[in-house]
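What follows is one structure encoded as structure tokens, with my remarks underneath.
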Amino acid sequence: MSKLAVRPEEDGQVEAVVREIAQAARDASYHMGLADGAARDAALRSAAAAIRQKATDILAENAKDMAFAAKKGLNAAMQDRLLLTPDRIEAMAQGLEQVAALPDPVGRTLAEWERPNGMKIARVSVPLGVIGIIYESRPNVTADAGSLCLKSGNAAILRGGSESLHSSTIIVECLQAGLKAAGLPVKAVQAIPTRDRAAVGAMLRMADLIDIIVPRGGKSLIERVMAESRIPVIAHLEGNCHVYVHEKADPEMARKVVLNAKMRRTGVCGAAESLLVDRKVAAAQIPGIVDALAAAGCEVRGDEAARSVDPRVVPATDEDWDTEYLDAIISLKVVDGLAAAIDHVNRHGSHHTDAIVTDDQDAADRFLTRVDSAIVLHNASTQFADGGEFGMGAEIGISTGKLHARGPVGAEQLTSFKYVVRGSGQTRP
């Protein structure tokens, strides 16, 4: 039995096993950074074929995870994030093919110029190196994260949630089958083979082998990673997303956008958690919107102004304005105009994704300019906060930070750059 097959929680060698994985990833990253883009794309297409071929096995492994999640007491929203179906498996395979079809993000000349002394300087995109991804529940993240790392010439170390261990492991096997078929190092994608939480701490300490950490999950996970990591982090804390219904919003559009933003999938980070309605149209807009939400099984928690318009709205507390529910609950606040809405979003939001519904272009432009979020939308659902919907094939997460990457983190965002300088014997005076 190899060291990587040993369950670390049984032999007390968590640190040693994680270090062996990270060293293998570092070695593989050198080959991936030099690999031809066509070979990386071929690996992704072969991985997609492997996922389709093993669909029945993937469903069986996912059933084990679902049983574990039920025993663990995960709520319905978290179980939905964990669940794989034939359609979701096919979507994973298609996602790999979409990533393969994207332009190669490695080796691009981002800028070039010539100095007066004749030196020619170019800024060229290069892989980040070894990327550690720490995530919860959603096994499709395994395919998305792995594919984007491979597309961008990186090596990936994937540490999925304890509840998704079986699903993530077999998906990684499919990605490795694709790498092998393309003649690329299979250790370019690896999974941490344990539920032991000590593995996360071990990853966060390995700044000598891991270049970037990307956490994707609940607030407690993100906060732990950001507090403990000795490695740069690309992360979002949470998705407290807003929809603001402006005084000049079309009522039918407002109902459709709010309903979709909240209820299409309540457990995703782009789900709307807060609804703002302009006081001038509160009486006209709120009943119709609450009708739609209530019919879909959503609880609406509102302030006194909202409750005076519609008695179905239950009282909200100050905590509700700052809460990411990830459930069929939404907060509702009546605001005094555009400026108040923008102030509320910037004060209580998580700088993730926020939308305005209005027929007033000037109001829309002011909202889009002044709301300090990674994604801002006009007359569209917040559920479009997704790399696939942005034409990026997939995304490794939505970054709410402002350094290196912001918004959907796709293959292009998983590259850095270096300067290539070509001279003809110049020396500096």
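Considering only His352, Gly297, Val245, whose Cα is most displaced toward the positive end of the charge dipole of segment 241-384, charges sitting on Cβ of Lys, Arg (+1) and Asp, Glu (-1)? Of the candidates, Gly297 comes out farthest on the positive side.
If the chain between Asp336 and Phe417 were fully stretched, how many nm would it gain, using 0.36 nm times the residue separation less the Cα-Cα distance? Each step should come with its number before you reach the end.
Numbers: separation 81, 0.36 × 81 = 29.16 nm, distance 4.61 nm.
Using 0.36 nm per residue and subtracting the Cα-Cα distance, I get 24.6 nm.
Semi-axes of the equivalent ellipsoid of the chain are 40, 28, 19 Å, computed as sqrt(5λ) over the eigenvalues of the C-alpha gyration tensor in descending order. Three principal axis extents describe the C-alpha atoms of segment 160-233; from largest down they are 40, 29, 17 Å. The trypsin sites (Lys or Arg not before Pro) of segment 341-429 that meet both conditions, a loop assignment by DSSP and at most 12 other Cβ atoms within 10 Å of the site Cβ, are Lys402.
What the pair-distance distribution of segment 100-232 shows, using all Cα-Cα distances binned every 10 Å from zero, is 12, 38, 29, 14, 6, 2 percent. For the chain, the antiparallel share of DSSP beta bridges with both residues in that region comes to about 30%. Taking the chain as a Gaussian network, Cα atoms linked when under 10 Å apart, which of Ala50, Ala394, Ala76 shows the biggest mean-square fluctuation? Of Ala50, Ala394, Ala76, the most mobile in the Gaussian network model is Ala76. Alpha-carbon geometry of segment 241-384: the Rg and the Dmax are 13.0, 35 Å, given in that order. When each of the peptides 32-44, 265-277 is scored by the mean number of other C-beta atoms lying within 10 Å of its residues, the order from highest to lowest reads 265-277, 32-44. The mean sequence separation of alpha-carbon pairs under 8 Å and at least six residues apart, normalised by the residue count of the chain, gives a relative contact order of 18 percent.
Relative contact order of segment 241-384, please, whole-number percent, based on alpha carbon pairs below 8 angstrom and at least 6 residues apart. Write down the numbers at each step before the final one.
Details: 295 pairs, mean separation 47.9, N = 144.
Here the relative contact order equals 33 percent.
Each 10 Å bin from zero holds the following percent of Cα-Cα pairs in segment 339-429: 15, 36, 24, 11, 8, 6, 0.
Basic side chains Lys and Arg get +1 at the Cβ, acidic Asp and Glu get -1 at the Cβ, and with that the dipole of the chain about its Cα centre reaches some 1400 debye.
No lab work stands behind these numbers, since they all come straight from the coordinates. Please read these numbers as outputs of a predicted model, since none were measured by experiment. Ideal geometry is used to build each Cβ from the backbone, glycine not excepted, and the neighbour counts take in all protein chains shown.
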